[in-house]
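Undergrad: Structure in structure tokens, see below.
The values are calculated or read from the model by the stated rules, or taken from the named source; none is laboratory data. Predicted model, so just to flag it, every value in this text is computed and none were measured. Virtual Cβ from ideal backbone geometry, glycine too; neighbours counted across all protein chains shown. Please note that ligands, DNA and RNA were not included when accessible areas were found on the heavy atoms of the full protein model with its side chains. Shrake-Rupley method; radii C 1.70, N 1.55, O 1.52, S 1.80 Å.
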Amino acid sequence: MSDNPITSVPEPVGHPINYEARDDSDDEDINAPFHPGEAPSPIFPTKLLLDFRGTRVDIDRETLVALPESILIVMFPNGLILGRQHADDELYEDEDAASDESMPDENQVIYVDFDPVCLDYILSFYDKAKEAFALGGPPPAPPGVSPLTQNPLLTKQAIIVLREELEFFAIPPKQQRKASNASQSESAPNGTIKTISQGINYSTDMHALKSECGQHLLKEDQIFTALQRNINKENNLAEQHLIDMLCVSGFSRDDKWGYRALEPMRTSIVSIALVMLKTTGQANQMATAQKLLLFWRKPARKCWWDGVQVFVGADGDIPVRLWARRTWTLELALV
């Protein structure tokens, strides 16, 4: 395994969104990415109607394209294809011209398995970043570098995008036993978590056990706590350097996730934090920012296992071993 705490994610076979006209006779790559400076394709609509788990949102094409690559991959894991999106197409073979397939692309509803609250957080932060850049103006060019140099950090606001996908697995206790006294439950070792519940047999009721463990993990909302715990355990200097670099670039060591929520019907928690990249301040600030520019449109990923002991039960005296598989995705976005 590489010592680098962040490894590049292989580029997907196809771009998350297909922006070109579908013409088999055309020799050009139909999966070529769209850049904001290009003229809109006449085939792809300029406005889309997306259904985010029951919440419908009208979103401009330019706004959708500007989202981080790592977010687009999650939103459209199989690509964005305009046309009928029924669960069973055979049931609709005999539909007349009033079917969804006959509607203009602008009137089609595209169903996306993505939390609308998370989307609102991202779009709101984008608006805040654009306003801050417009008021503050572009950062000064580094010494010896002409302002006319093609450096995107001098012309646009850079945003660090950090996403965590946490999958947790609870090992139920063999049997439930009560603590001999109250002090026993208070003497839990450092790094453990306690919880209060009543009348639940955690040895057999896995749903209750997973729900309670999920709620506790949800409350652990500091960004770097789990990674720092892993650093202390394995003395990984590369991971410590990662935290230091992120904190120099805009994060704080005690920052919390901007968005954090349990995924419905899954033992999974998704968290996202956005910060505006610092390009001025310390002497090497722009040099550090240039390192993060390597992650522009190229998300990178780190994955590790994190094991803790939690205590459940009415008296917080039932120990449960909880394993979490954490996957971080780091990316730089420009707005």
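Undergrad: Can you tell me which condition Trp323 does not meet? The list is (1) crowded, with 19+ Cβ neighbours inside 10 Å; (2) in a strand (DSSP E or B); (3) in contact (Cβ under 8 Å) with a residue 60 or more places away in the chain, and all the others hold.
TA: (1)
Undergrad: Starting from the range 52-64, take each residue that is under 15 Å from Leu80 (Cβ atoms) and at pLDDT below 95 and list its partners that are open to solvent by 50 Å² or more (accessible area, probe 1.4 Å) and assigned to a strand (DSSP E or B), counting only C-beta distances under 8 angstrom and pairs at least six apart or across chains.
TA: Here the result reads Ile59/Lys47; Asp60/Lys47; Arg61/Lys47, each pair linking the range 52-64 to a residue that is open to solvent by 50 Å² or more (accessible area, probe 1.4 Å) and assigned to a strand (DSSP E or B).
Undergrad: Could I ask something else about it? Mind checking whether some residue in the range 279-297 is in a strand (DSSP E or B) and out of contact with any Lys or Arg (no Cβ under 6 Å at 6 or more places or on another chain)?
TA: Yes, that holds for at least one residue.
Undergrad: Could you please let me know if Thr279 is over 17 Å from Lys219 (Cβ atoms) and either at pLDDT below 90 or touching an Asp or Glu at 6+ places or on another chain (Cβ under 6 Å) (or both)?
TA: The answer is yes for Thr279.
Undergrad: Just to be sure before I move on: is Ser249 at pLDDT 95 or above and among the polar types (S, T, N, Q) in the structure I sent?
TA: Criteria not met by Ser249.
Undergrad: Another question about this same structure. Can you confirm whether the range 317-327 contains a residue that is of a type outside the set (Asp, Glu) and closer than 28 Å to Gly54 by Cβ?
TA: Checking the range 317-327: at least one residue is of a type outside the set (Asp, Glu) and closer than 28 Å to Gly54 by Cβ.
Undergrad: Please count how many residues of the range 189-235 are modelled with pLDDT of 65 or more, assigned to a loop (DSSP other than H, G, I, E, B) and open to solvent by 40 Å² or more (accessible area, probe 1.4 Å).
TA: Residues meeting the conditions: 5.
Undergrad: Any residue in the range 280-302 that is closer than 20 Å to Thr327 by Cβ sitting within a Cβ distance under 8 Å of a residue that is crowded, with 18+ Cβ neighbours inside 10 Å and among the hydroxyl-bearing types (Ser, Thr, Tyr)? List the pairs, counting only those 6 or more apart or interchain.
TA: If the second residue must be crowded, with 18+ Cβ neighbours inside 10 Å and among the hydroxyl-bearing types (Ser, Thr, Tyr), the pairs left are Leu292/Ser249; Pro299/Ser70; Pro299/Thr329; Ala300/Thr329; Arg301/Thr329.
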